[in-house]
Amino acid sequence: AAIVPPLSTRIADRDIPFALDAGLSSPFDGKPDVTVNQGSYMAQYLGVHTLRERGREIERMLKNAEIQQKAGIDPYHILSQSFRDCLRNTDPSDSSSGELHLMEVYKGSKQLAQEFGDLVPYWETWNEPDGHFFPGRPEEFAAISKAAYLGTHAGNPNAKVLLGSMVRPVGMWYEDVMKNGYNPY
């Protein structure tokens, strides 16, 4: 819930970072081009300059990013779709056991960043890693995030890599990520 001031008194400034998790690429009406176009223009009108999209096939992601950029929106996408299976459980009954494949993370991030170039200025490592979307521990997330950062910058040095949206208030999970050397990344 939020108190929203009248539009006439709002400051729509690109230097004030505010992103909206739009998910416009998977509309219920089955018309993604229309939905992305209208949603992007509505967001721009409301002073939102950055929209985060859901992971989809590359062609849809590129098309959405182009539509958003044309509407004055900075697209914001999630890297982990290119390496979602980088943490493979060796024992399916034990979610704490797994094998990291960090070169998959590096190569997948690099490939996405190269393919999108400056069309997508912001990349999130993983959606809500402190919740149910990430199957591992904080130290594994720190390692994956470092590899994603390095790969993204190898693919596009201008890209900005973000930690990931949170489910819970900042606490022990993120403290453990930072204890594992994430801060410089």
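The values are calculated or read from the model by the stated rules, or taken from the named source; none is laboratory data. A quick note: this is a predicted structure, and the numbers were derived from the prediction, not measured. With ideal geometry, Cβ positions are generated from the backbone for all residues, glycine too; neighbour counts draw on all protein chains shown. Just so you know, the surface numbers come from the protein's heavy atoms only, side chains and all, with ligands and any DNA or RNA stripped out. Shrake-Rupley method; radii C 1.70, N 1.55, O 1.52, S 1.80 Å.
Give me the net charge for the shell around K179: Cβ to Cβ below 15 angstrom, other residues only, Lys and Arg +1, Asp and Glu -1.
My count for the surroundings of K179 gives -3.
Taking 8 Å as the Cα distance limit and 6 or more residues as the minimum spacing, I'd like the relative contact order of segment 26-185 as a percentage.
20 percent.
So who's got an amide H within less than 5 Å of the one on D74, skipping anything under 5 residues away but keeping other chains? H placed 1.01 Å off N, in plane.
T50, L51
How large is ³J(HN,Hα) for each residue in segment 41-47, as worked out from phi by the Karplus curve 6.51 cos²θ - 1.76 cosθ + 1.60 (θ = phi - 60°), to whole Hz, x for Gly and Pro?
Working through the residues one at a time gives 5, 5, 4, 4, 4, 7, x Hz.
Rolling a 1.4 angstrom probe over the protein chains, ignoring ligands and nucleic acids, what is the accessible area of V167 in square angstrom, nearest 10?
80 Å²
Using the Karplus curve 6.51 cos²θ - 1.76 cosθ + 1.60 with θ = phi - 60°, what ³J(HN,Hα) values do you get for each residue of segment 130-138, in whole Hz, with x for Gly and Pro?
Once rounded to whole Hz, the list reads 7, x, 8, 7, 9, x, x, 9, x.
Please list log₁₀ I(q)/I(0) at q = 0.19, 0.25 Å⁻¹ for segment 127-185, using the Debye equation with identical point scatterers on the alpha-carbon positions.
Ignoring solvent entirely, the Cα scatterers give -0.66, -1.05.
Two decimals is fine: what is log10 I(q)/I(0) at q = 0.16, 0.19 Å⁻¹ for segment 29-89, from a Debye sum with one equal scatterer on every Cα and no solvent?
Here log10 of I(q) over I(0) equals -0.53, -0.68.
Got a sec? What order do R168, R60, R88 fall in by accessible area at 1.4 Å, biggest, i.e. largest, first?
R168, R88, R60
Provide the per residue accessible area, probe 1.4 Å, for segment 119-185, rounded to a whole number of square angstrom.
Per residue, segment 119-185 has an accessible area of 47 Å².
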